[in-house]
Amino acid sequence: QPEAQLAAPSASDTVASDKKITVESELYRAVIDNKGAVISSWQLDQYTVRKKDKSVEKFEMVAASQGEDYWRRPGSLIFKDPALTALANKEFYQITSDSFEKMKAPATITMKLKRGDLEIDKRYEFDQNNYLVNLSAAAKKDGKPVECQFFLGQDIGPETEHEDSTVPLEAVSYQ
């Protein structure tokens, strides 16, 4: 199947710079990165990780090892066309929420991307009293819907848990 071609850039294309939004509740702290409109961090406030060096940190659900490979973060979009997948997950989205840095749950974050004839809308709705987030997306090319899927994650848990075969994680505990 041939890769889709995008229309030439236009004056209505999204213009945005690097921004992160933090959503907090009594249970978690989530960070949404507008590059790819993905979840870059999800810390569980009532769970901690004690490492072999005895340091204690909040339990991080998103492994940091993904680096610049943004399509592998929770909330990334996967299209049949690899070029659309790359574009959707490496571009900066325009944030259309009321707050741009820190929000308290319940909260809704909406992000939009327009590149040529491609339009993507993503929406995150965070609950206050549980760990659930409702994630939705709509993609259109030439005004017609384009099928896509969400990547929800891999390597859930602390970064050091995945570094080698000897697991340096000593304990995860509920407070």
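Some observations on this one:
- Pairs, first under 20 Å from residue 35 (Cβ atoms) and of a type in the set (Ser, Thr, Tyr) in segment 4-23, second at pLDDT 75 or above and assigned to a loop (DSSP other than H, G, I, E, B), C-beta under 7 Å, six or more apart: 14/93; 22/101
- Scanning segment 104-127 for residues that are over 17 Å from the mean Cα position of the chain (by Cα) and surrounded by 14 or more Cβ atoms within 10 Å (Cβ to Cβ) yields 114, 115, 116, 117, 118, 119.
Quick grid of which residues meet (1) open to solvent by less than 70 Å² (accessible area, probe 1.4 Å); (2) modelled with pLDDT of 90 or more; (3) closer than 22 Å to residue 13 by Cβ:
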| site | (1), (2), (3) |
| --- | --- |
| 144 | no, yes, yes |
| 155 | yes, no, no |
| 158 | yes, no, no |
| 162 | no, no, no |
| 169 | yes, no, no |
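- Selection within segment 42-79: residues that are among the basic types (Lys, Arg), within 20 Å of residue 29 (Cβ to Cβ) and over 12 Å from the mean Cα position of the chain (by Cα). The member of this set that is modelled with the highest pLDDT is 58.
- Flag for residue 128 being under 21 Å from residue 59 (Cα atoms), at pLDDT 90 or above and among the polar types (S, T, N, Q): yes
The values are calculated or read from the model by the stated rules, or taken from the named source; none is laboratory data. Source: prediction; values computed, not measured. Methodologically, a virtual Cβ is constructed for each residue, glycine included, from the backbone with ideal geometry; neighbour enumeration extends over all protein chains shown. Ligands, DNA and RNA are excluded from the accessible area calculation, which covers all protein heavy atoms including side chains. Shrake-Rupley method; radii C 1.70, N 1.55, O 1.52, S 1.80 Å.
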